[in-house]
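The structure appears below as structure tokens.
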Amino acid sequence: MSNVNQLTIYGVDIQLIRTLLKIIIFISIAGAAISSRLFSVIRFEAIIHEFDPWFNFRATKYLVTHSYYEFLNWFDDRTWYPLGRVTGGTLYPGLMVTSGAIWHILKNYFKLPVDIRNICVLLAPAFSGLTAIFTYFLTKEMKDSSAGLLAAIFMGIAPGYISRSVAGSYDNEAIAITLLMATFYFWIKSMKIGSVFYATITALCYFYMVSAWGGYVFITNLIPLHVFVLLLMGRYNPKLYTAYTTWYALGTLASMQIPFVGFLPIRSNDHMAALGVFGLLQLVAFGDYVKSKVPNKQFKSFLIVSVVFVFGSGIAALFGLTAMGWIAPWTGRFYSLWDTNYAKIHIPIIASVSEHQPTAWPAFFFDTSMLIWLFPAGIYLCFQDLKDEHVFVIIYSVLCSYFAGVMVRLMLTLTPVICVSGAIALSKLFDVYLNIKDAFHGDNISISKVISKLTVLLSFGFYLFYFVLHCTWVTSNAYSSPSVVLASRNPDGSQNLIDDYREAYYWLRMNTPEDAKVMAWWDYGYQIGGMADRTTLVDNNTWNNTHIATVGKAMASPENVSYEILKKHDVDYVLVIFGGLLGYSGDDINKFLWMVRIAEGIWPDEIKERDFFTDRGEYKMDKDASETMKNSLMYKLCYWRFSELFGGRDGVDRVRNQQIPINAVPELNVVEEAFTSENWIVRIYKVKDLDNVGRDLYDATKFENKKSGKRNRIVKRPKIDLRE
Amino acid sequence: MFLILLFILNLCCGQLVLSDNKWINQHYTRSIDLSKGFVKEIDIIDIKNIDNKPQDVYYFTINDGFDSIGSISLFQAILNENSIEVVSEEIESKIYKINLPFPISPNSNVELKFNYIYSNTLTPIPGKISLDDTQQLLFKTNKFPFSPYETNDYSLSFTGMTKGQEMELHLNKTENLPVLEPRVESNTLKYGPAFDLPPFSLQPMGLMYDHNRPLTKANNLYRSIWLPASDINKVSIEEYYELTNQGAQLDKGFSRFDWMKGRYESTRNHWALSHLEIPLLNRNLEEHYFIDKVGMNSNSKFIQNHLLLQPRFPLFGGWNYNFTLGWNEELSKFLHLNEDYILKFPLLNSVRDVVYDNVYLEFYLPESSEFKNFSSPIPYESISVDNELSYLDVSKGHVKVTVHYKNLFDNLHKLDVYLTYKYSKTDFYLKIGKISGFVFIGLISYYLLGLVNLNIN
């Protein structure tokens, strides 16, 4: 019995070869995805990057040294002093639990006691390999496996995704994108075949996603929207009903198990769409049933009446419940998605984060290269086919294109769909042009056909090649810096590491009392907690705007006002970031206006943004700087003794290109310098205690200065000639 | 400015036991080296038996008498003529019983040499100084020999300092002692000779001298040596230091500007600890790493056969810096296979000018090897054997032998300790067999799970 379809090459089944090749391709894709994310490890070291990852890392360490329940009940008294933070209840535990589980499995079952830090650092690259594989499956559902493979490789190396998943960026997004792709794949699968099994897996993936990232709301809204659009298109079928209701019921119940989410899925407006569609689907199913039982004409009137009634009562219920406070209104971050100016006016703290800024146009090309122009083509092809799953891709792409335009960080959710539809377009193109059979069809070979095919194939071959180059270049240059360590080049081309952050944080850790309270702007809260292991006033979990504004006020006020705040909050050390010496632009003076604005939001009478500008409205630090600016604690802390470095001339602030006058040196009365890092990036000041003879600190400092002046005079003894 | 300290001299007990006047110290020469962050004292004593029968026990007391010495690191007694080390035992704190190798007949002489090192003795005066000041240390000692026997002829000398000043300490002292005037001879501060001193002569003195080097101290050093199970010719050493500077503190906060202006980082003669020097002598550190609790410290370099480690920040008095230094070395230099394995390993790394309070020497022997014996040229506090699970340890884990030493100092890196253990080829193959067995079981179970039909139709 020989199977006709079973082709063989050298006696090996062609299907087997195909599978084998596929596995090899998968391994290579995963290899490429992982290895291109290792630039930072090779260039620097296995270190946690940026800001938020330091918190995740610290939480993970807490998890592996405590029990899971202790972790969930973790009240952290080392942040948000003196308030503390209910950390266990205000975080998404998925990431920590994942790496904690990996750590335990490796240690207990594989006898590999790997350092938890290494697991945290390498988690994102490892998951990116999985993302590529899930993208393959998702795209395969859209077109075929060759499109899937293309999508997988695109996903593996697209900079838009790499930016959030290089080794060391141990953030929620690191695993969330994998879960996003997995959830979507299983959703499409379950919707296509109406399988409860796949819908359950979708719900499980969704649960995992909820536990890992706040962006799960995107899924919570996208899947209902997909269903809703399908309903509008009149594509209701029992399979859709099975898939959606299973997913919704299980997924919602599961998601409520996460302490941070709790009852949000039934109380918050962000989740109402899913509930609404769930209800709608019941009605449609009922209508479908009615339709099969009653004649067509009657059904139409039934439909119109019921649609109007349901829609009206739905909206009314939504408004009513929100007004009564049963449903939480939308959050600020959500509003800022629709109105880009919303945050700027109402919530400066959201606007102050650079990743919440609108995306600049070049960023699209930078992050996705040629895929950005293949993307519309892919969407067009989806319209051509327009099966249920294609509708999903279309909705996804429309929504995410908008979101990515609003917020830089949402480039991340757009990248997968760009990869998918880019792959669809490219594989369609290859389907047509790689088909060399018809060129040899007939008796004579058509030269023009061969040439046109060759041109297209060669040019796209070049594009693909260029794509890889571009991605590697972007990854290596833009996304592989840990931002904790800065790299610069020596004149001879060798690498010079600027390690000021760790220098100062380690100094804090080694040489200050264990319960010292450090005040710094919230950006550095997580890093101080993670590296310096000291108590902070505010950190990147910006849950209390007033507290942040207090810190902003302390920084923006004159010394006597600040001192009161510092003393009230038991602050021992004040830490500022100053880039003026080195030309490091991400420093506190450049963030200062946000501190002022946030403080102004709470104390509009005391802090006024206008006062920090010169009369001509310029933001200046030089001799023209406004009095308010010069008197602010931040200015003083940053420029304290800075001009002296320049040997009698005015100091040059290399970030702002301004001259800091030598003759108007800021005076410090209530704090004293405790430590300044090698390149002056981090400056730490110790808050003086109340004077022990009851003087005003201003008088005390004046007295001290006078005393040291006297000592200086003693040092200047007249020169005595040598006596022979 | 005089220091007035109150203390209680409690030596009645010691005096009762020791002063039986069977010996007389004919010549007693003390030389004290102050060039490092600890004190090195060499006493050469010519003793004479004045009893009427031969005797072989001599009691030596450390020249202290008023609790000025923090902790004694190494005590050695040597017969001077043929450099034989003499058995000594500490019968009480700072009192040693010397068992001479042969009895000394009445009226005969023998010359003994005592070497000892003490740490935690020097204090910076003033305790807080500014960056451009010179650090001064106060060394408190007994100006006279604190011996249970009479001394005929005594002299004292100090080396290893450039500028010094004697200070009188108003503390309890023995009456009617001769006045010793200092003089300087070839960079040495000398006192004496003084003649006919009674037993337990005590006159506390302070010597304030310039010492513009940091007083580096490692509160704890965990020195772990990982011995491989296979034939690979590599031994991994990892050392975790908890370092501190015992020198003068800064009088105010650390000003980077002053530090840069004075260019103190590039000089060796500053009291802030900005570099650690590790002379490598004939060693080759492969794949070394220098990390601390926040990651890699990139400031380490090899210069002229020295490894220079630069802490993240300069350490002033009272500042701490914890770090880990690790590297590989060729195992064949240390390990010898006789019937058992014999490991000969330096007690310490050769960091220059440092004292150690606690040193934990940790040997990680291959899994399921058998620890036999440990021998050390100097006494240790304790030794313990337990297990620690490490990579691919499938049974009880590496055998970890921890030896705890106290009060060591840099020069002891010249000493070797010896450790013998037994590790057979069978143990090795058993381990490999176990590991491959587990991998095999894992793969087989994966295959078997694949056979289970989970299809839902």
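Only the coordinates and a few stated rules stand behind these numbers; no lab work does. Treat the numbers as computed from the prediction; the structure is a model and nothing was measured. Quick reminder, even Gly has a Cβ in these numbers, built from the backbone with ideal geometry, and neighbours come from all protein chains shown.
Backbone phi angles across the range B:432-448, fed through the Karplus curve with coefficients 6.51, -1.76 and 1.60 (θ = phi - 60°), yield HN-Hα couplings of 4, x, 4, 4, 5, x, 5, 4, 4, 4, x, 5, 4, 5, 4, 5, 5 Hz in residue order; Gly and Pro are listed as x. Neighbours of residue B:178, meaning other residues whose beta-carbon lies under 11 angstrom from its beta-carbon, give a summed charge of -1 when Lys and Arg score +1 and Asp and Glu score -1. The dipole here belongs to the range A:171-329: it is taken about the Cα centre, uses +1 on the Cβ of Lys and Arg and -1 on the Cβ of Asp and Glu, and is about 760 debye. Counting neighbouring Cβ atoms within 10 Å and putting the fewest first, the residues B:440, A:26 line up as B:440, A:26.
Across the range B:167-175, computed HN-Hα scalar couplings (Karplus, 6.51 cos²θ - 1.76 cosθ + 1.60, θ = phi - 60°) run 10, 8, 9, 7, 10, 4, 8, 6, 7 Hz from first to last residue, x flagging Gly and Pro. In this entry, chain B is assigned a mean projected area of 31.8 nm², taken as a quarter of its C-alpha convex hull surface.
Within the shell defined by Cβ-Cβ distances under 14 Å, the residues around residue A:245 carry a net charge of 0, with Lys and Arg each +1 and Asp and Glu each -1. Under 13 Å of direct C-alpha separation, and excluding same-chain neighbours fewer than eight residues apart, residue A:107 reaches these aspartates and glutamates: A:115, B:388, B:393. Please report the equivalent ellipsoid semi-axes of the range B:313-415, computed as sqrt(5 x eigenvalue) of the Cα gyration tensor, largest first, in whole Å. Each semi-axis is the square root of five times an eigenvalue, giving 27, 18, 14 Å. Compactness of the range B:186-311 was expressed as the Cα radius of gyration divided by 2.2 N^0.38 Å, which yields 1.55. Quick check: the distance between the Cα centres of the range A:235-278 and the range B:287-365, to the nearest angstrom? For the range A:235-278 versus the range B:287-365, the Cα centre distance is 58 Å.
With the charge dipole of the range A:66-134 set up from +1 on Lys and Arg Cβ and -1 on Asp and Glu Cβ about the Cα centre, the Cα lying farthest toward the positive end among the listed residues A:67, A:113, A:87 is that of A:113.
Neighbour counts of other Cβ atoms within 10 Å put A:400, A:205 in the fewest-to-most order A:400, A:205.
Here the residues B:261, B:48, B:143, ranked from fewest to most Cβ neighbours within 10 Å of their Cβ, fall in the order B:261, B:48, B:143. Once the dipole of the range A:225-343 is set up with Lys and Arg at +1 and Asp and Glu at -1 on Cβ about the Cα centre, which of A:264, A:290, A:316 lies farthest towards its positive end? Most positive-ward Cα: A:290.
Is the range A:513-713 best put as rounded, prolate or oblate by its Cα gyration tensor, with a ≥ b ≥ c the root eigenvalues, rounded for a/c under 1.5, and otherwise prolate when a/b is larger than b/c, oblate when not? Here the range A:513-713 falls in the rounded category. Debye-formula intensities of the range A:171-329, expressed as log10 I(q)/I(0) at q = 0.09, 0.10 Å⁻¹, are -0.32, -0.39 (one equal scatterer per alpha-carbon, no solvent). In the protein assembly as shown, taking the dipole from charged Cβ atoms about the Cα centre, the farthest positive-side position among B:237, B:195, A:227 is held by A:227. If only the Cβ of Lys and Arg carry +1 and only the Cβ of Asp and Glu carry -1, the dipole of the range B:26-67 around its Cα centre is close to 100 debye. Summing +1 for each Lys or Arg and -1 for each Asp or Glu among the other residues whose beta-carbon sits under 15 angstrom from that of residue B:291 gives -4. Dividing the summed -39500 (n - 2.57) terms of all DSSP H runs of n ≥ 4 by the residue count of chain A sets its mean residue ellipticity at 222 nm at -19000 deg cm²/dmol. The distance linking the range A:487-518 with the range B:81-131 is 45 Å (Cα centroid to Cα centroid, whole angstrom).
The DSSP beta bridges internal to the range A:513-713 are antiparallel in roughly 75% of cases.
Using a 7 Å offset from Cα along Cα-Cβ at residue A:233, what residues in the range A:390-429 end up with backbone N under 12 Å from the label point? Correct set: A:390-396.
Taking 7 Å steps out from each Cα toward its Cβ at residue A:693 and residue A:304 produces label points 9.5 nm apart.
For the pair the range A:38-82 and the range B:256-278, the centres of their Cα atoms are 35 angstrom apart.
If I model the protein assembly as shown as equal point scatterers sitting on the Cα atoms and use the Debye formula, what is log10 I(q)/I(0) at q = 0.07, 0.09 Å⁻¹? Ignoring solvent entirely, the Cα scatterers give -0.88, -1.24. Overall shape of the range B:398-453 was characterised from the C-alpha gyration tensor. The equivalent ellipsoid obtained from it has semi-axes of 47, 15, 8 Å, in decreasing order.
In this Cβ point-charge picture (+1 for Lys and Arg, -1 for Asp and Glu), the range A:513-713 has a dipole of about 640 debye about its Cα centre.
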